[in-house]
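*Asks:* Please see the structure below; I have some questions.
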Amino acid sequence: MTGTFDYDLFVIGAGSGGVRAARIAAKHGARVAVAEEYRVGGTCVIRGCVPKKLLVYASKFAEEFEDAVGFGWTAEKVSFDWATLIANKDTEIDRLNRAYVRNLESAGAELILERAEFDDRHTIKLASGRKVTAKTILVATGSAPFLPRHLPGHELAISSNEAFHLEKLPSRIVIVGGGYIAVEFAGIFQGLGVETVLVYRGEHILRGFDDDLRQHLSAEMKKKGVEIRTQADVAKIERSGTGVRVTLNDGTGYGAGQIMFATGRIPNVIDLGLDKAGVELTPHYAVKVDEYSRSSVDNIYAVGDITNRLNLTPVAIREGHAFADTVFGKKPTAVDHHTVPHAVFSQPPVGVVGLTESAARLMYGAVDIYRSTFRPLKHTLSGRDEKTMMKLVVDRASQRVLGAHMVGLDAPEIIQTLAIAVKMHATKAQFDQTVAIHPTAAEDFVTLRTPIA
Ligand SMILES: Cc1cc2nc3c(=O)[nH]c(=O)nc-3n(C[C@H](O)[C@H](O)[C@H](O)COP(=O)(O)OP(=O)(O)OC[C@H]3O[C@@H](n4cnc5c(N)ncnc54)[C@H](O)[C@@H]3O)c2cc1C
């Protein structure tokens, strides 16, 4: 299969998509090399989903100790040490990193710990200057935080990359952005006792999510003490003592220990030599691909965030696997990007699958909306003023459930399972036929009887 090339497949980037593609292609018998310029595992494992979720767990203990009192517990003299958390988190990330290296090697892929870029459509130039050739090349270089470089003082700001390695917690942080990463870090810092200000240009956080969900989450975050400044933007950042002074465009400002930008991510295409290979980009600088992840050049493919389709780890993994099956497994597989469930590990957390109410109205016209807002059983004794919101969007004509949205305890876990029913085009009547598990929060999804609209 190799012919005159050094490898059948060369993968640039050992993250979620690249590692899966390399392993499956090697199992199909291909001679595979993978280049990684930073750490094997990629964003999700090293500085994304996994360390983020560990920090979310850490930040919830403060409330857990408070809530325990209503259940008869006394939790006195509790204290928190950021350095211990970061050290333990790093130990776990190192373990995962080693597991990813082992998995690649045991699949038979060769790992090259160097930056790689294109020299031409079949040739890769490594940072050491060595050149290698491959019949097929997969671009899986992911994305990087976007920092507004036009902004005075932007160099004083951190991104999520640095947030995982702060030497100490600031007493106040300003987080700029309204997407899921901004919202998640706001919950983490606030939970760990940092005074947290979220500054966002738009009217409501979490653009693209259901409007009821956006408003509900915003209200719950405010109750926990996060200051949310919407329709606001940063005008300048200046150094002030050991921290920063952040001035907003309405002239108001904050002194803070840190300012963090979570204002989107950009595909890692810079200096990749894609032009030398003739690979076309989209207007948003992502690699343009077809449903089989093939680029405009027939031996070059791309998966994951670099293609800016749905920037989630399980999607990158699916795309990597489908690519390997298509090209090396004689099984052409297109990835289905419809009805992909996803979560925001905010506090309280969010889980969603399918269409928002406004998207459903646009696509289907008449829809039935079922919504319930309630205090979770746990908080009847804890006394915490926190409400769960659940919502179903149903096509009035076919009675198919088009979307399920939840803000509240365990929402990501609940929605993961509910997503099977929504993906299978279950109807509202089939939801109703399903007997509830009592007492749970999830039972509301099968006991919502009266549409509110
Ligand atoms: C803070 C944060 C939290 C997140 N939380 C979640 C979550 O909860 N759930 C979820 O599903 N997704 C989450 N994501 C998104 C998820 O991490 C990405 O969608 C996923 O990692 C994309 O996989 P990928 O293979 O495209 O790229 P990556 O995993 O980013 O891997 C790309 C790899 O390529 C390497 N690389 C880049 N250029 C080169 C080069 N020229 N040569 C060699 N190597 C190179 C990089 O070092 C990197 O290791 C989160 C992201 C962030 C930043």
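The values are calculated or read from the model by the stated rules, or taken from the named source; none is laboratory data. Values in this document were obtained by computation on a predicted structure and should not be read as measured data. Neighbour counts are summed over all protein chains in view; Cβ atoms, including those assigned to glycine, are modelled from backbone coordinates with ideal geometry. The accessibility values were calculated without ligands, DNA or RNA, using every heavy atom of the protein model including side chains. Shrake-Rupley method; radii C 1.70, N 1.55, O 1.52, S 1.80 Å.
*Asks:* Can you pull out every residue in segment 423-445 that is more than 17 Å from Val350 (Cα to Cα) and crowded, with 17+ Cβ neighbours inside 10 Å?
*Replies:* Of everything in segment 423-445, those that are more than 17 Å from Val350 (Cα to Cα) and crowded, with 17+ Cβ neighbours inside 10 Å turn out to be Ala426, Lys428, Phe431.
*Asks:* Further, regarding this structure: What strands (runs of 3 or more DSSP E) completely inside segment 154-258 contain at least 2 residues that are surrounded by 19 or more Cβ atoms within 10 Å (Cβ to Cβ)?
*Replies:* 172-176, 195-200, 234-240, 243-248, 253-256
*Asks:* Return yes when Asp271 is in a loop (DSSP other than H, G, I, E, B), of a type in the set (Asp, Glu), within 11 Å of the ligand (Cβ to nearest atom) and over 19 Å from the mean Cα position of the chain (by Cα) and no when it is not.
*Replies:* Here the answer is yes, as Asp271 does meet what is asked.
*Asks:* Can you tell me which residue in segment 39-89 is nearest to Leu169 (Cα to Cα), limited to those that are part of a loop (DSSP other than H, G, I, E, B) and in contact (Cβ under 8 Å) with a residue 24 or more places away in the chain?
*Replies:* Once the filter is applied, the top-ranked residue is Phe80.
*Asks:* Still on this structure, I have one more. So which residues in segment 163-188 are within 13 Å of the ligand (Cβ to nearest atom), within 24 Å of Glu238 (Cβ to Cβ) and in contact with a strand residue (DSSP E or B) (Cβ under 8 Å, 6 or more places away or on another chain)?
*Replies:* Answer for segment 163-188, where residues must be within 13 Å of the ligand (Cβ to nearest atom), within 24 Å of Glu238 (Cβ to Cβ) and in contact with a strand residue (DSSP E or B) (Cβ under 8 Å, 6 or more places away or on another chain): Ala163, Ile175, Gly177, Ala182, Phe185, Ala186.
Rundown of residues vs (1) crowded, with 18+ Cβ neighbours inside 10 Å; (2) in contact (Cβ under 8 Å) with a residue 60 or more places away in the chain; (3) in a loop (DSSP other than H, G, I, E, B), yes/no style:
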site: Gly351; (1), (2), (3): yes, yes, no
site: Arg361; (1), (2), (3): no, no, no
site: Thr380; (1), (2), (3): no, no, no
site: Ala397; (1), (2), (3): no, no, yes
site: Gln416; (1), (2), (3): no, yes, no
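*Asks:* Considering only residues that are open to solvent by 60 Å² or more (accessible area, probe 1.4 Å) and either among the small types (Gly, Ala, Ser) or under 20 Å from Phe185 (Cα atoms) (or both), which ones fall in segment 58-82?
*Replies:* Lys60, Phe61, Glu64, Gly72, Ser79, Phe80, Asp81
*Asks:* Cβ-Cβ distance below 8 Å, separation of 6 or more or different chains: which pairs start in segment 296-312 with a residue that is assigned to a strand (DSSP E or B) and open to solvent by 10 Å² or more (accessible area, probe 1.4 Å) and end on one that is near the ligand (Cβ under 8 Å from one of its atoms) and not basic (Lys, Arg)?
*Replies:* From segment 296-312, no pairs qualify.
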